[in-house]
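**Q** My questions will all concern the structure given below.
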Amino acid sequence: MADKYIHIIVKGYVHGVGFRFYAIRYADKLNINGTVRNKYDGSVEIYAEGKEEDINKFIEVIKTGPRSAVIKEVIIDEYKKSRDYNTFDILF
């Protein structure tokens with residue numbers, strides 16, 4: 001059961017480097033549900049829900065990003081109510 005809900009925006013060189021697949025791989029490892037998508041402004045947007053300890057690990061992984069990414073800014077906001085995700089999916 002999720003007890004922490006976050007919205008993340010990752011800015012920098014994050015398109016075309018496998019960032020969405022990187023996020024989904026670690027979300028699966030950490031039992032996190034939510035979504036990831038590329039935005040038209042060049043950023044990546046993530047909604048993630050899970051246990052607080054797992055979410056905190058996920059945040060650290062996202063701040064690192066895949067090897068070929070260049071992350072300039074990570075914006076993290078919490079939200080109070082679950083969006084009822086059952087899986088972690090890439091949105092197109």
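**Q** Scan the stretch 23-46 and tell me whether some residue there is in contact (Cβ under 8 Å) with a residue 60 or more places away in the chain, closer than 14 Å to F88 by Cα and not small (G, A, S).
**A** Yes: one or more hits.
**Q** Next question. Would the stretch 53-61 turn up any residue that is exposed (fewer than 11 other Cβ atoms within 10 Å of the Cβ) and part of a strand (DSSP E or B)?
**A** no
**Q** Please go through the stretch 6-22 and pick out each residue that is touching a residue at least 40 places away in the same chain (Cβ under 8 Å) and either at positive phi or surrounded by fewer than 20 Cβ atoms within 10 Å (Cβ to Cβ) (or both).
**A** Selection gives H7, I9, K11, G12, Y13, V17, G18, F21.
**Q** Identify the residue in the stretch 76-88 that is under 15 Å from I8 (Cα atoms) and in contact with a Ser or Thr (Cβ under 9 Å, 6 or more places away or on another chain) and, among all such residues, is surrounded by the most Cβ atoms within 10 Å (Cβ to Cβ).
**A** Filtering first and then ranking leaves F88.
**Q** Follow-up question, since we're still on this one. Give me the residue from the stretch 32-52 that is in a loop (DSSP other than H, G, I, E, B) and touching an Asp or Glu at 6+ places or on another chain (Cβ under 7 Å) and, out of that set, farthest from G12 (Cα to Cα).
**A** K51
Readers should treat all values here as calculations from the given coordinates under stated rules, not as data from a laboratory. Quantities reported herein were computed from a predicted structural model and do not represent experimental measurements. Neighbour counts run over all protein chains shown; Cβ positions are idealised from the backbone, glycine included.
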